[in-house]
Amino acid sequence: MTDAERAKELVAGISNGLQGLSGALSATTRGSGPDNLYEVWLWSLTVAEAAKLPGASVTFDALDVHGNLVFRKAPGALRSPGFSYATVAKDGSDKLEAHISAYVRGQSTVAHEADVLVVPAHVAAACRAHPQGIPYHYTPALWLEAKFSRDPSKALALGHGRSLMGLTRDVGVQRLVALVSNRASANIAMLLGS
């Protein structure tokens, strides 16, 4: 399968995921490679699942002038304007925001990229008002590390599992951090104990 075919398949998946949330909503994906589209697809699945929770509602913020979602193609701070995110509200709970390709500051003060990041809305608002605009390691509700392979027949490299172990050490194992890939690895599963 070519990159163009993979991209087309992922765009269809993104559209399907967003369709149930808003009939007229679409994502600006022009110029995105399969890696970025995989992150958007995971984000759309995360948001669609959150919307299924009893009493939950989802709104989208920072759309372009045509009403399309716009996503980062490289990691950035939450304060960076012009990038879309979803806000999930649930009866009796604090609001959450779902972002793509956002930095999070670890215990070491090193900034790490979260491919899909869910944080409390009040944390995201504080980040948008702060010059650095990067949430701290103890704030995420969900952190997905996405690994897309152009050759899904090959196992995911063990180094990705080791990197995730280092990441969870710096951000704290109490947070929900997951490695998500379009290919499997028995060695990583053993390494991470899953």
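The values are calculated or read from the model by the stated rules, or taken from the named source; none is laboratory data. Since the structure is predicted, the reported quantities are computational estimates derived from the model, not experimental observations. Don't worry about glycine lacking a Cβ; one is built from the backbone with ideal geometry, like all the others, and counts go over all protein chains shown. Side chains are part of the model used for accessible areas, which takes the heavy atoms of the whole protein and leaves out ligands, DNA and RNA. Shrake-Rupley method; radii C 1.70, N 1.55, O 1.52, S 1.80 Å.
Details
- Subset tally (residues that are in a loop (DSSP other than H, G, I, E, B), in contact (Cβ under 8 Å) with a residue 60 or more places away in the chain and buried (at least 17 other Cβ atoms within 10 Å of the Cβ)) for the stretch 124-151: 1
- The stretch 24-65 - residue that is more than 17 Å from Thr87 (Cα to Cα) and in a loop (DSSP other than H, G, I, E, B) and, of those, modelled with the lowest pLDDT: Ala24
- Odd one out for Tyr103, checked against (1) without any contact (Cβ under 8 Å) to a residue 40 or more places away in the chain; (2) not acidic (Asp, Glu); (3) not in a strand (DSSP E or B): (3)
- Scanning the stretch 66-100 for residues that are modelled with pLDDT of 85 or more and of a type in the set (Gly, Ala, Ser) turns up Ala74, Gly76, Ala77, Ser80, Gly82, Ser84, Ala86, Ala89, Ala98.
- Number of the exception - Ser108 against (1) at pLDDT 90 or above; (2) not in a loop (DSSP other than H, G, I, E, B): (2)
- Qualifying position, being within 22 Å of Gln132 (Cβ to Cβ) and either open to solvent by 10 Å² or more (accessible area, probe 1.4 Å) or touching a residue at least 40 places away in the same chain (Cβ under 8 Å) (or both), among Asp64, Asp115, Asp91: Asp115
- In the stretch 152-177, the residue that is surrounded by the fewest Cβ atoms within 10 Å (Cβ to Cβ) out of those that are in contact with a Lys or Arg (Cβ under 8 Å, 6 or more places away or on another chain) and part of a loop (DSSP other than H, G, I, E, B) is Ser153.
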